[in-house]
Amino acid sequence: MGWLMLILIAAAAMAALVLLRVDRLLWSMIGAALMLGAAGYAWQGSPTLPANPARPEALRVADDPSLVDLRERMLGRFTADAAYLIASDAMARSGDRRSAVRAILGGLNRYPRSLMLWTGLGTALATHDGNILSPPALFAFRQAVRIAPEHPAPLFFLGLAYVRANDYPAARQAWAKALALCPEGASYRRDIAVRLDLLDRLLATQAPQ
């Protein structure tokens, strides 16, 4: 398919030269440019492969930066266990989801009661498993809840994982609990409230009339 498109482009270029009555002295220069482009395509491209539309999931290399900021406001940033989560983020951005999980597991070996790392592990496992709430991912989130039952972060990120898994009712339940646990003056309270409101609107559109 790639070669066919290349041939069509070359034919169109030659037709344009004729129709526009370009001086024949310039034809060799334009032809050389086309040949150079074809050579570069043959070297760097994959002309023998069939066309294949890009998938959104394959193009996504990182989460919404606002979620990283929200996580840091909820759980902190300048801590010893946060370094493992930052390393995991970098690996996830590069597309290496397995190493992203391993980075957090390495941190948990050293900080086994880290709320931040157990919450991050739940998110990393859910992403690694194809945005589904696998038993290991659910275990990680539940462990985070056990460590800090009054903290909204595990429930919020559990809800986010449910959203990515298209389980909106479960996400709504988790986010409502997270919002109820938010202190009144917390900087992240409004972030959770806005997302919960948007989710409620989505659920309303899906409700039977």
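Nothing in this text is a laboratory measurement; each read-out follows from the coordinates by a stated rule. Predicted model only: the values in this text are computed from it and were never measured. When we count neighbours, we look across all protein chains shown, and the Cβ atoms used for this are built from the backbone with ideal geometry, even at glycine.
Observations
- Phi-based couplings in Hz for segment 186-194 (Karplus 6.51, -1.76, 1.60; Gly and Pro marked x): 5, 5, 9, 4, 5, 4, 5, 4, 5
- Karplus-derived 3J(HN,Hα) values for segment 115-126, using 6.51 cos²θ - 1.76 cosθ + 1.60 with θ = phi - 60°, are 4, 4, 6, 5, 5, x, 5, x, 5, 5, 5, 4 Hz; glycine and proline are entered as x.
- Put a dot 7 Å past the Cα of A207, heading toward its Cβ, do the same for D167, and the two dots end up 2.3 nm apart.
- Amide H contacts of A186 (H built 1.01 Å from N, under 5 Å, at least 5 apart or other chain): none
- Taking Cβ atoms as reference points and 14 Å as the exclusive limit, the residues near P154 contribute a net charge of +4, counting Lys and Arg as +1 and Asp and Glu as -1.
- Remark: spin-label model distance R190-A83 equals 3.5 nm, labels positioned 7 Å along the Cα→Cβ axis.
- Shape of segment 75-183, Cα gyration tensor, a/c cut at 1.5: oblate
- Think of segment 57-206 as a dipole: +1 on every Lys or Arg Cβ, -1 on every Asp or Glu Cβ, centred on the Cα centre; then among W175, A153, L117, L117 lies furthest on the positive end.
- One chain, two ends: N109 and F139. Fully extended at 0.36 nm per residue, the span grows by 9.2 nm beyond their Cα-Cα distance.
- By average C-beta atoms within 10 angstrom, highest first, the peptides 197-205, 68-76, 89-97, 156-164: 156-164, 68-76, 89-97, 197-205
- D197/S94 FRET efficiency (R0 25 Å; Cβ-Cβ; nearest 0.05): 0.15
- Within the shell defined by Cβ-Cβ distances under 10 Å, the residues around R77 carry a net charge of 0, with Lys and Arg each +1 and Asp and Glu each -1.
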